[in-house]
Amino acid sequence: MNQNKNRFMPLLMALCVIIGILIGTFYTNHFAGNRLNIINSGSNRLNNLLHIIDDQYVDTVNIDSLVEKAVPQILAELDPHSVYISAKDVQTANDDLRGSFSGVGIEFNIRKDTLHIQSVIKDGPADHAGLLAGDKVVSIDGKPFVGKMVTNEEAMHRLRGPKDTKVIIGVLRYGEKKAKQFTVVRGDITTKSVSAVYMLDDSTGYVRIKNFGERTYAEMLAALFELSTHSISNLVIDLRDNNGGYLQAATQMVNEFLPKNSLIVYTQGRKSPRTEYKSDGRGNYQQIPLVVLINEGSASAAEIFAGAIQDNDRGTVIGRRSFGKGLVQQQISFSDGSMIRLTIARYYTPSGRCIQKPYTLGDDAGYEQDMLTRYEHGEFFSQDSIKHTGPAYYTSIGRTVYGGGGITPDIFVPEDTTNLTSYYKEAAMSGLILQFAFNYTDENRLRLKKFEDMPHLVNYLKQQNLVEKFANYADHNGLKRRNLMIMKSHSLLDRFINSRIVYNILDEQAWNEFLNKDDPTIKKALEVFRQHAAFPKKPAKSSPKAKTNGKKAA
């Protein structure tokens with residue numbers, strides 16, 4: 001009898017395990033929460049749909065291509081900044097923030113389906129090979145590179161590549177009829193975030209920062225050290241049109257200007273607990289009078305920087321309301337090399353403001369039209385036109401600041417429309433000014449290269465009657481001549497044309513110096529320093545407690 005029991009014992013045990021699994025599965029499905037069921041059923045539906053299409057659709061379908069098109073649409077339903085990046089674009093997307101890549105070392109633009117070399121990086125691979133600014137690229141690795149195939153993406157794909165690999169570039173040089181072939185050995189190319197460092201006057205240093213990448217903090221320290229040799233007593237940090245980048249770079253840079261234990265920014269999300277970033281008190285520039293410049297093109301990390309300075313009353317923010325990107329993305333890679341940047345939290349300034357401007361789920365078009373809407377509502381021209389959709393918050397000394405999207409500057413500087421005409425707008429927006437400036441540079445490069453600094457080059461250009469030459473060029477290229485409008489916008493046209501020729505012949509620093517000479521925002525910054533008003537003053541009347549989403553103002 002015992003033998004019979006022992007014989008059936010393994011069978012009974014197996015039966016018990018199966019029953020336990022079935023009971024566990026039942027309770028999990030029915031009582032462990034509906035969310036998991038929804039996700040599973042949704043993902044199963046997608047998998048089943050793809051399987052059915054692959055198995056039964058009338059024509060052969062590339063499932064990978066179908067998924068590639070579907071993923072961006074799914075992410076677009078979440079928010080404007082959750083994005084999909086295909087495997088072929090990942091390298092370029094990451095290079096922009098790393099501050100380096102492997103390539104040939106040229107800056108180019110595309111005119112009439114032809115790649116024109118605008119500048120050659122000094123001591124870079126292209127420079128060593130003999131390529132010159134003004135060369136027109138007609139072939140790459142023995143294959144023609146002209147016509148509709150010439151795009152920024154395709155050019156970077158062909159010219160960038162692993163270090164020490166070779167690429168053969170065929171170019172047409174000005175004044176020569178036959179193409180020349182140059183073998184270029186690719187190398188490491190450093191792209192700088194800090195595009196200009198110089199003295200605005202005897203006591204005021206200026207640093208322009210284009211983005212916040214891996215090297216930006218080190219570049220800023222080098223820039224500040226360079227300025228310190230001039231014994232600066234005031235500092236302007238220009239973040240206009242800086243579209244952001246790494247959070248860490250922004251917090252490291254703000255740390256240089258804040259006293260110990262000052263809150264810089266905090267992040268918070270549904271699955272991301274509040275994380276605070278505070279200054280450590282080791283910054284070397286905690287006392288210098290500071291002005292930060294922003295505009296509608298300043299976003300993300302640039303807004304973190306400006307918001308930290310403003311909310312801690314550490315300096316004065318001047319310009320126009322910033323973009324309003326306050327969503328934190330996490331980078332997640334897939335096995336095929338592609339990746340997504342998924343929003344996991346929001347940024348909040350020290351006072352508790354959320355930087356992110358309002359958006360409607362799935363309405364990317366409306367989100368992208370925000371700048372045009374601001375323009376049409378007059379926000380670029382009048383501070384009174386700024387619409388604050390969020391509650392009031394208060395800085396460390398009680399100054400009022402607003403949530404609801406972006407950083408509103410302490411001092412508003414409107415866009416100058418005094419000499420603006422429809423002729424100038426069309427000339428600028430159509431790209432005709434850029435084309436004319438590049439053609440003029442190309443045709444006069446040998447003469448213009450003799451001028452090694454911005455002031456001498458500009459003095460020469462002022463004598464060349466370039467606005468009249470442009471008007472003739474534009475008239476032959478579809479923009480009808482309007483003499484009265486040209487007269488009214490003469491100064492704007494002259495400034496734009498000259499700035500682009502300066503950029504083509506010299507560099508980005510010279511371009512910035514030229515534009516800053518008569519920039520009203522720069523003038524306002526210098527005025528603030530002259531009045532010793534860079535450090536904000538406490539309001540005469542104390543403000544009530546700040547609204548900070550349940551948190552006390554910092």
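Taking every residue in segment 216-245 that is in contact (Cβ under 8 Å) with a residue 12 or more places away in the chain and more than 22 Å from residue 520 (Cβ to Cβ) and pairing it with any residue that is hydrophobic (A, V, I, L, M, F, W, C) and assigned to a loop (DSSP other than H, G, I, E, B), at least 6 positions away or on another chain, the pairs with Cβ-Cβ distances below 6 Å are 243/299; 244/299.
Any residue at all in segment 373-380 that's modelled with pLDDT of 85 or more, buried (at least 16 other Cβ atoms within 10 Å of the Cβ) and over 18 Å from residue 300 (Cβ atoms)? Among the residues of segment 373-380, not one is modelled with pLDDT of 85 or more, buried (at least 16 other Cβ atoms within 10 Å of the Cβ) and over 18 Å from residue 300 (Cβ atoms), which makes the answer no. Scanning segment 92-113 for residues being over 22 Å from residue 219 (Cβ atoms) and open to solvent by 30 Å² or more (accessible area, probe 1.4 Å) gives a total of 5. Selection of segment 248-272 for residues being surrounded by fewer than 19 Cβ atoms within 10 Å (Cβ to Cβ) and touching a strand residue (DSSP E or B) at 6+ places or on another chain (Cβ under 9 Å) yields 248, 260, 261, 268, 269, 270, 271, 272. Looking at segment 114-127, which of the residues that are open to solvent by less than 30 Å² (accessible area, probe 1.4 Å) and among the small types (Gly, Ala, Ser) is farthest from residue 212 (Cα to Cα)? The extreme case among them is 126.
Taking segment 137-153 as the range and being exposed (fewer than 15 other Cβ atoms within 10 Å of the Cβ) and either of a type outside the set (A, V, I, L, M) or closer than 20 Å to residue 100 by Cβ (or both) as the test, the residues that pass are 141, 142, 143, 144, 147, 148, 151, 152, 153. Residue 310 meets the stated requirement of being farther than 24 Å from residue 222 by Cβ, open to solvent by less than 10 Å² (accessible area, probe 1.4 Å) and within 26 Å of the chain's Cα centre (by Cα).
Mind listing whichever residues of segment 197-221 are part of a strand (DSSP E or B) and open to solvent by less than 40 Å² (accessible area, probe 1.4 Å)?
Initial filter on segment 197-221 (part of a strand (DSSP E or B)): 197-199, 204-209, 212.
Answer for segment 197-221, where residues must be part of a strand (DSSP E or B) and open to solvent by less than 40 Å² (accessible area, probe 1.4 Å): 197, 198, 204, 205, 206, 207, 208, 209, 212.
Within segment 343-359, the residues that satisfy the criterion of being closer than 17 Å to residue 83 by Cα and open to solvent by 50 Å² or more (accessible area, probe 1.4 Å) are 344, 346, 359.
Please tell me if residue 530 is open to solvent by 70 Å² or more (accessible area, probe 1.4 Å), within 25 Å of residue 238 (Cα to Cα), modelled with pLDDT of 95 or more and out of contact with any Lys or Arg (no Cβ under 7 Å at 6 or more places or on another chain). So residue 530 fits the description; yes.
When the residues of segment 388-420 are filtered to those that are of a type in the set (Ser, Thr, Tyr) and within 21 Å of residue 240 (Cβ to Cβ), which remaining residue is surrounded by the most Cβ atoms within 10 Å (Cβ to Cβ)? Within segment 388-420, the match that is surrounded by the most Cβ atoms within 10 Å (Cβ to Cβ) is 408. When the test is whether a residue is farther than 22 Å from residue 479 by Cβ, open to solvent by less than 60 Å² (accessible area, probe 1.4 Å) and not aliphatic (A, V, I, L, M), residue 431 does not pass it. Quick check on residue 505: is it crowded, with 16+ Cβ neighbours inside 10 Å, at pLDDT 95 or above and β-branched (Val, Ile, Thr)? Considered against the rule, which asks whether it is crowded, with 16+ Cβ neighbours inside 10 Å, at pLDDT 95 or above and β-branched (Val, Ile, Thr), residue 505 comes out as no.
Take the residues of segment 77-91 that are under 14 Å from residue 327 (Cα atoms) and crowded, with 16+ Cβ neighbours inside 10 Å: which is farthest from the chain's Cα centre (by Cα)? Restricting to residues being under 14 Å from residue 327 (Cα atoms) and crowded, with 16+ Cβ neighbours inside 10 Å, the top hit is 79.
When residue 384 is evaluated against the numbered criteria (1) outside any loop (DSSP other than H, G, I, E, B); (2) modelled with pLDDT under 80; (3) surrounded by 15 or more Cβ atoms within 10 Å (Cβ to Cβ), which criterion, by number, is the only one it fails? If we test residue 384 against (1) outside any loop (DSSP other than H, G, I, E, B); (2) modelled with pLDDT under 80; (3) surrounded by 15 or more Cβ atoms within 10 Å (Cβ to Cβ), just (3) comes out false.
Looking at 520, 536, 544 in this structure, which one is at pLDDT 95 or above and farther than 30 Å from residue 491 by Cα?
Values: 520 fails: farther than 30 Å from residue 491 by Cα; 544 fails: at pLDDT 95 or above.
Residue meeting the stated conditions: 536.
For segment 228-243, a residue qualifies if it is buried (at least 22 other Cβ atoms within 10 Å of the Cβ) and closer than 12 Å to residue 294 by Cα, and the qualifying residues are 236, 237, 238, 239, 242.
Based on what the data block shows, is residue 358 modelled with pLDDT under 90 and over 30 Å from residue 90 (Cβ atoms)? Spelling it out, residue 358 is indeed modelled with pLDDT under 90 and over 30 Å from residue 90 (Cβ atoms).
The values are calculated or read from the model by the stated rules, or taken from the named source; none is laboratory data. Being a predicted model, the structure only gives us computed values, none of them experimental. Note that each Cβ is placed from the backbone with ideal geometry, even for glycine, and that neighbours are counted across all protein chains shown. Heads up: the accessible areas ignore ligands, DNA and RNA and are worked out on the full protein's heavy atoms, side chains in. Shrake-Rupley method; radii C 1.70, N 1.55, O 1.52, S 1.80 Å.
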